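Right, one structure below, let's go through it.
The values are calculated or read from the model by the stated rules, or taken from the named source; none is laboratory data. Keep in mind that this is a model prediction, so the values were computed, not measured. Reconstructed Cβ throughout: ideal geometry from the backbone, glycine too, with neighbour counts over all protein chains shown. Keep in mind that these areas ignore ligands, DNA and RNA; they rest on the heavy atoms of the full protein, side chains included. Shrake-Rupley method; radii C 1.70, N 1.55, O 1.52, S 1.80 Å.
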Amino acid sequence: MTAGAVFDRLPGQDMVIDQLRAAAESNRPTHAWLFTGPPGSGRSVAARAFAAALLCERHGCGDCGSCRQVAAGSHPDLLLVRPDGISYSVRQTRDLVLRASASPVYGGWRVVLFEDADRATEQAANALLKAIEEPPPRTIWLLCSPSAADLPITIRSRCRLVTLRTPPTSAVAEILRREGVAGEQAVEAARAS
C-alpha cells in the first residue's frame with residue numbers, strides 16, 4: 001500500500017485528509033486535535049487513521065505492523081479511551097493523563113485517542129485541560145466530539161480543529177464497491193447509512 005492509505009476509508013473528506021497527511025509528515029505536528037462532525041461523518045475513523053499515520057514510518061501505509069496494530073487497537077504507543085459508562089470520571093481521566101505522560105515505546109509519538117470527549121464530567125475536563133496545556137513533549141491528544149461547542153472553551157482553544165462533514169452517498173457507495181458490494185446494492189446501502 002502507499003503512504004496515507006489509512007485515509008482511504010474517509011469518503012468525501014479530501015480537505016481533512018490533506019490536512020492530516022501534511023501534519024503526519026511534518027516533524028512537529030500540533031499536540032492536541034479536536035475531531036468534530038455529525039454522526040456518521042467518521043470522526044473516530046479519521047482520528048484512528050491519523051494515529052496510524054503518526055505512528056507509521058511511511059505515514060499511514062495501512063499495511064505495516066504498526067498500521068495493523070493501530071487498526072486493531074493494540075499498538076503500544078496508542079491509548080484508546082472510551083468512557084466507563086455514561087461519562088468520563090475524573091479518576092479515569094487522571095489515570096489516562098498519567099499513562100499519556102510515559103515516553104513512546106516504538107515510534108516518535110505517544111498518541112491518545114479520546115473518543116466522546118464531550119462526555120467528560122466537569123472535573124474530568126479540568127484534568128484533561130491540565131494535560132493539554134502542559135503536554136509531555138512526545139504526546140499527541142486526539143479528541144472526538146460531535147461539536148466543538150460540546151467541550152469547554154479552554155480545551156477547544158488549545159486544540160487544532162478538524163471538522164468532518166457527512167459524506168456524500170456516492171463516496172460511501174464507492175468504498176462499498178471497493179469492498180466487493182455490487183453496484184446498485186452499494187448505492188442502496190450507502191443511502192441507508
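Here is how the numbers come out for the structure above:
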read-out: Base-10 log of normalised Debye intensity for the range 61-129 (one unit scatterer per alpha-carbon) at q = 0.12 Å⁻¹; value: -0.35
read-out: In Hz, Karplus ³J(HN,Hα) per residue of the range 68-73 (6.51, -1.76, 1.60; θ = phi - 60°; x = Gly, Pro); value: 5, 5, 5, 4, 7, x
read-out: Per residue accessible area of the range 1-141, 1.4 Å probe, in Å²; value: 47
read-out: P(r) tail fraction, the range 131-186 - alpha-carbon pairs more than 19 Å apart, %; value: 53
read-out: With every protein chain in place, the chain: carbon and sulfur % of accessible area (1.4 Å); value: 51
read-out: Under-5 Å amide H pairs with residue 35, H placed in peptide plane, nonlocal only; value: 143, 144, 145, 162
read-out: Accessible heavy-atom area order of 106, 88, highest first, probe of 1.4 Å; value: 106, 88
read-out: With at most 13 neighbouring Cβ atoms within 10 Å, loop GluC sites (Glu not before Pro) (DSSP) excluded, longest segment of the chain; value: 58-178
read-out: Rounded to whole Hz, the Karplus (6.51, -1.76, 1.60) HN-Hα couplings of the range 131-140, x for glycine and proline; value: 5, 6, 5, 10, x, x, x, 10, 10, 10
read-out: Rg ratio (alpha-carbon, reference 2.2 N^0.38 Å) - the range 34-76; value: 1.18
read-out: Helix-only mean residue ellipticity at 222 nm for the chain, each DSSP H run of n ≥ 4 adding -39500 (n - 2.57), per residue, nearest 500; value: -12000 deg cm²/dmol
read-out: Cα-based shape type of the range 56-193, given that a ≥ b ≥ c are square roots of the gyration tensor eigenvalues and the cut on a/c is 1.5; value: oblate
